[in-house]
């Protein structure tokens, strides 16, 4: 019996996911075939189906694989010594993929898929709810420390999420600069939480 090398398995899986991300970003879910993913990854269909039994499973994995990173970011933010520092860490996490050229296409595919695939919608909504809860906790702590929030903590958390989503929607526009966009969102958040923006 042949043993599986975990590192080689992980590398092959990552290769497939990178190829799938490119295809889904360019062509959406319906416009992407497993054959096109195989061609881009340089693998046979048997190899693809060994890792992902369906195209749907492949698309889900692109987003599900990011959940541990999101959970770790929330944990670091909540453990920060000062809630304002934790808020900054979490906002940075929300915008971490802003420079990735695949993001606008993947976001469009995700929005479309969430409207017709309940399991995928739950996956995305659950992660967003956990992030909203972490933001709200940090904002409540800031309010308790004397920061004058513009709105109730849960409302400010909602605005931060909506504004970060808007940054990704703008990412495909000509002249988009992720560094400037990130800095500007931090300034907007500073205004929402009663910190001087200079």
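May I ask you to verify whether residue 63 is surrounded by 14 or more Cβ atoms within 10 Å (Cβ to Cβ), in contact with a helix residue (DSSP H, G or I) (Cβ under 6 Å, 6 or more places away or on another chain) and in contact (Cβ under 8 Å) with a residue 60 or more places away in the chain? It would help to see each step written out before you state the result.
On the way: surrounded by 14 or more Cβ atoms within 10 Å (Cβ to Cβ): yes; in contact with a helix residue (DSSP H, G or I) (Cβ under 6 Å, 6 or more places away or on another chain): no; in contact (Cβ under 8 Å) with a residue 60 or more places away in the chain: yes.
Considered against the rule, which asks whether it is surrounded by 14 or more Cβ atoms within 10 Å (Cβ to Cβ), in contact with a helix residue (DSSP H, G or I) (Cβ under 6 Å, 6 or more places away or on another chain) and in contact (Cβ under 8 Å) with a residue 60 or more places away in the chain, residue 63 comes out as no.
In this structure, does residue 124 turn out to be in contact (Cβ under 8 Å) with a residue 60 or more places away in the chain, farther than 22 Å from residue 188 by Cβ and in contact with a helix residue (DSSP H, G or I) (Cβ under 8 Å, 6 or more places away or on another chain)?
Numbers: in contact (Cβ under 8 Å) with a residue 60 or more places away in the chain: yes; farther than 22 Å from residue 188 by Cβ: yes; in contact with a helix residue (DSSP H, G or I) (Cβ under 8 Å, 6 or more places away or on another chain): yes.
So residue 124 fits the description; yes.
Name the single residue, out of those in the stretch 161-172 being surrounded by fewer than 16 Cβ atoms within 10 Å (Cβ to Cβ) and modelled with pLDDT under 95, that is farthest from residue 132 (Cα to Cα). Here the answer is 172.
Conditions (1) modelled with pLDDT under 95; (2) touching a strand residue (DSSP E or B) at 6+ places or on another chain (Cβ under 9 Å); (3) crowded, with 19+ Cβ neighbours inside 10 Å; (4) on the phi > 0 side of the Ramachandran plot, marked per residue:
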{"site": "74", "(1), (2), (3), (4)": "no, no, yes, no"}
{"site": "80", "(1), (2), (3), (4)": "no, no, no, no"}
{"site": "87", "(1), (2), (3), (4)": "no, no, yes, no"}
{"site": "91", "(1), (2), (3), (4)": "no, no, yes, no"}
{"site": "103", "(1), (2), (3), (4)": "yes, no, yes, no"}
{"site": "119", "(1), (2), (3), (4)": "no, no, no, no"}
{"site": "132", "(1), (2), (3), (4)": "no, no, no, no"}
{"site": "136", "(1), (2), (3), (4)": "no, no, no, no"}
{"site": "143", "(1), (2), (3), (4)": "no, no, no, no"}
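Has the stretch 45-58 got at least one residue that is touching a helix residue (DSSP H, G or I) at 6+ places or on another chain (Cβ under 7 Å) and within 21 Å of residue 111 (Cβ to Cβ)? So far as the stretch 45-58 goes, yes, one or more of its residues are touching a helix residue (DSSP H, G or I) at 6+ places or on another chain (Cβ under 7 Å) and within 21 Å of residue 111 (Cβ to Cβ).
When you look at residue 50, is it farther than 24 Å from residue 131 by Cβ, part of a helix (DSSP H, G or I) and out of contact with any strand residue (DSSP E or B) (no Cβ under 7 Å at 6 or more places or on another chain), yes or no? Show your work before the answer.
Values: farther than 24 Å from residue 131 by Cβ: yes; part of a helix (DSSP H, G or I): yes; out of contact with any strand residue (DSSP E or B) (no Cβ under 7 Å at 6 or more places or on another chain): yes.
Spelling it out, residue 50 is indeed farther than 24 Å from residue 131 by Cβ, part of a helix (DSSP H, G or I) and out of contact with any strand residue (DSSP E or B) (no Cβ under 7 Å at 6 or more places or on another chain).
Just one of the listed residues (175, 158) is modelled with pLDDT of 95 or more, more than 25 Å from residue 65 (Cβ to Cβ) and in the same structural domain as residue 103 (by TED's automatic domain parsing), and it is 158. The criterion of at least 1 residues that are more than 21 Å from residue 163 (Cβ to Cβ) is met, among helices (runs of 4 or more DSSP H) falling completely within the stretch 55-131, by 55-64, 67-79, 103-114. Annotation note: of 147, 186, the sole residue that is in contact (Cβ under 8 Å) with a residue 40 or more places away in the chain, assigned to a loop (DSSP other than H, G, I, E, B) and either assigned by TED's automatic domain parsing to the domain that holds residue 86 or in contact with a helix residue (DSSP H, G or I) (Cβ under 6 Å, 6 or more places away or on another chain) (or both) is 147.
The single condition from (1) in the same structural domain as residue 96 (by TED's automatic domain parsing); (2) in contact with a helix residue (DSSP H, G or I) (Cβ under 9 Å, 6 or more places away or on another chain) that residue 41 fails is (1).
The values are calculated or read from the model by the stated rules, or taken from the named source; none is laboratory data. Because the structure is predicted, anything quoted here is derived from the model rather than measured. Every residue, glycine as well, gets a Cβ built from its backbone with ideal geometry; the counts of neighbours run over all protein chains shown.
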